[in-house]
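Report on the structure given below.
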Amino acid sequence: MNIAIAGTGYVGLVTGVCLAHIGHHVTCVDKDKEKIAKMSQGISPIYEPGLEELMKENMDAKRLHFTANPKEAYANANVIYIAVGTPEREDGSADLQYVEDAAREIARSIANDVIVVTKSTVPVGTNERIKHIIEMEKPPYVRVDIVSNPEFLREGSAIYDTFHGDRIVIGAENEEAANVIAKINEPFGIPIIKTDLRSAEMIKYAANAFLATKISFINEIANICEKVGANIDDVAYGIGQDHRIGPHFLRAGIGYGGSCFPKDTKALVQLSGNVDHPFELLQSVIKVNNRQRVILYEKAKQVCGSLYGKKAAVLGLAFKPNTDDMREAPSLAIIERLLADGVRVTAYDPVATEKAKALLGDRIDYASSPEEALAGADLAFIVTEWKQIVELPLSVFAQQMATPLIFDGRNCYALDEAEKHGLQYVSIGRRA
Ligand code: UGA
């Protein structure tokens, strides 16, 4: 199969690399010439474990190519994946301009029959709009089928997820087109669910909304646990053993971030409003999450009163471990509040520092180790559960900090351990 991929963001690049790895001939397209030049040298524009190695391997095998010229890639493709961004508009709805531009570009470039597959997360009805756009501008002798094939990979474990996903969803109007896409994916050995276009689009939003709901739910239970003297770790384990609930996505913390949950939950709320069925449950999920993102700061204020003039160490900047992605990272919300209160902040992150610098500049200091960030600090905030942070011995806090007061948003340590080290330790959903 000759496959072209429009967009080399997270989804596009990982999809391209993995499809090449299972034997297809893949050309990844991006308008950003600088990015294409880098990728053509085997350099990944994002930090994702295993991605660069797999990229190089498939480039060497001549299965994976990069180009800034869409016409060149689309003209000979049997299948074209759309994997461009669908950023959030001011009103929370998904901005479809990049998807629509890609559809127009495809229509103007193709010379043979082609299947267009949407990987981008798009509101229900978008694939029909893509079809309409392409039909309007394509050559009359070319047949185009549209397939919705939403993505379920997680940043930080994107390669693993692509090869070990729970299901592959294929939505199509035309069964033959669905079968071609199923065949392309066959080597992954993952169960395939076939459905119509609108249901496939809805599956993606419903999945992310449900996972976000689980997180806000457990965070609210954690907040109640604190008030009633229960322990969230035991409570989450206890409910997770019920197979109807399941043990996953029950880690209480500082709310969900990243490029997907915040954007997709808002887009679904917007969509539900448009069809006159306001999704009230999801509105609450978002509200709870906005509160939870700054809960460590609120706790610090409760303990200290004024934070003015204090020195804080922020451990972890990325929205989750194993990624350098800073989009909607809770660290940003916490740091902004600390800075507004006159706190001096030194942050450590093993990978995301450069991306954080682009957002925060010299308003904070950056450390190259947790020890350096903690040196002389009055307060420590544990924000991202990187291995380098989770495995930090508590003695380091005791040795390095001026006053060992820790606010842990990821429940990294046992309460009695913290006590043994003489640390004042405040975590989530457990007694202070
Ligand atoms: C999420 C979904 O998990 C993927 O299935 C989906 O494909 C992706 O969005 C997307 O739509 O593209 P991702 O945002 O990369 O993936 O990362 P997750 O591991 O889901 O974490 C999202 C956020 O939830 C993080 O901020 C994480 O810290 C938080 N989280 C997750 C919790 O607070 N508690 C948990 O138990 C799990």
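Structure notes:
- Every residue from region 1-16 that is within 16 Å of the ligand (Cβ to nearest atom) and either more than 23 Å from the chain's Cα centre (by Cα) or not in a loop (DSSP other than H, G, I, E, B) (or both): Ile5, Tyr10, Val11, Gly12, Leu13, Val14, Thr15, Gly16
Here's the yes/no breakdown for (1) modelled with pLDDT of 95 or more; (2) within 16 Å of the ligand (Cβ to nearest atom); (3) assigned by the TED database to the domain that holds Ala83; (4) closer than 14 Å to Ala6 by Cβ:
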{"position": "Ile106", "(1), (2), (3), (4)": "yes, no, yes, yes"}
{"position": "Ile115", "(1), (2), (3), (4)": "yes, no, yes, yes"}
{"position": "Lys119", "(1), (2), (3), (4)": "yes, yes, yes, yes"}
{"position": "Asn127", "(1), (2), (3), (4)": "yes, no, yes, no"}
{"position": "Glu135", "(1), (2), (3), (4)": "yes, no, yes, no"}
{"position": "Pro140", "(1), (2), (3), (4)": "yes, no, yes, no"}
{"position": "Arg143", "(1), (2), (3), (4)": "yes, no, yes, no"}
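- In region 163-205, the residues that are free of Cβ contacts under 8 Å to residues at least 60 places away in the same chain, assigned to a helix (DSSP H, G or I) and under 26 Å from Ile239 (Cα atoms): His164, Ile203
- Of Leu19, Leu51, all but one fail to be assigned by the TED database to the domain that holds Glu105 and either of a type in the set (D, E, K, R) or closer than 18 Å to Thr323 by Cα (or both); the exception is Leu51.
- For region 377-403, filtered to residues that are of a type in the set (A, V, I, L, M) and either within 16 Å of the ligand (Cβ to nearest atom) or assigned to a strand (DSSP E or B) (or both), the residue that is farthest from the chain's Cα centre (by Cα) is Leu379.
- Of the candidates Val396, Val343, Val390, the single residue that is without any contact (Cβ under 8 Å) to a residue 40 or more places away in the chain, hydrophobic (A, V, I, L, M, F, W, C) and over 22 Å from Pro321 (Cβ atoms) is Val343.
- Extreme residue, farthest from the ligand (Cβ to nearest atom), among residues of region 145-168 that are buried (at least 22 other Cβ atoms within 10 Å of the Cβ) and of a type in the set (Val, Ile, Thr): Ile146
- For Phe217, the test of being of a type in the set (Phe, Trp, Tyr) and near the ligand (Cβ under 9 Å from one of its atoms) is failed.
- Filtered residue count, region 413-432, keeping only those that are closer than 18 Å to Thr384 by Cα, touching a strand residue (DSSP E or B) at 6+ places or on another chain (Cβ under 9 Å) and without any contact (Cβ under 8 Å) to a residue 12 or more places away in the chain: 0
- Which listed residue is within 16 Å of the ligand (Cβ to nearest atom), at pLDDT 95 or above, among the β-branched types (Val, Ile, Thr) and surrounded by fewer than 21 Cβ atoms within 10 Å (Cβ to Cβ), from Val275, Val288, Val314, Val303: Val288
- Any chance Lys227 is without any contact (Cβ under 8 Å) to a residue 12 or more places away in the chain, surrounded by fewer than 18 Cβ atoms within 10 Å (Cβ to Cβ), within 20 Å of the chain's Cα centre (by Cα) and more than 10 Å from the ligand (Cβ to nearest atom): no
- Qualifying residues in region 328-340 (those that are within 25 Å of the chain's Cα centre (by Cα) and without any contact (Cβ under 8 Å) to a residue 40 or more places away in the chain) - the one nearest to Asn289 (Cα to Cα): Leu332
The values are calculated or read from the model by the stated rules, or taken from the named source; none is laboratory data. Quantities reported herein were computed from a predicted structural model and do not represent experimental measurements. Don't worry about glycine lacking a Cβ; one is built from the backbone with ideal geometry, like all the others, and counts go over all protein chains shown.
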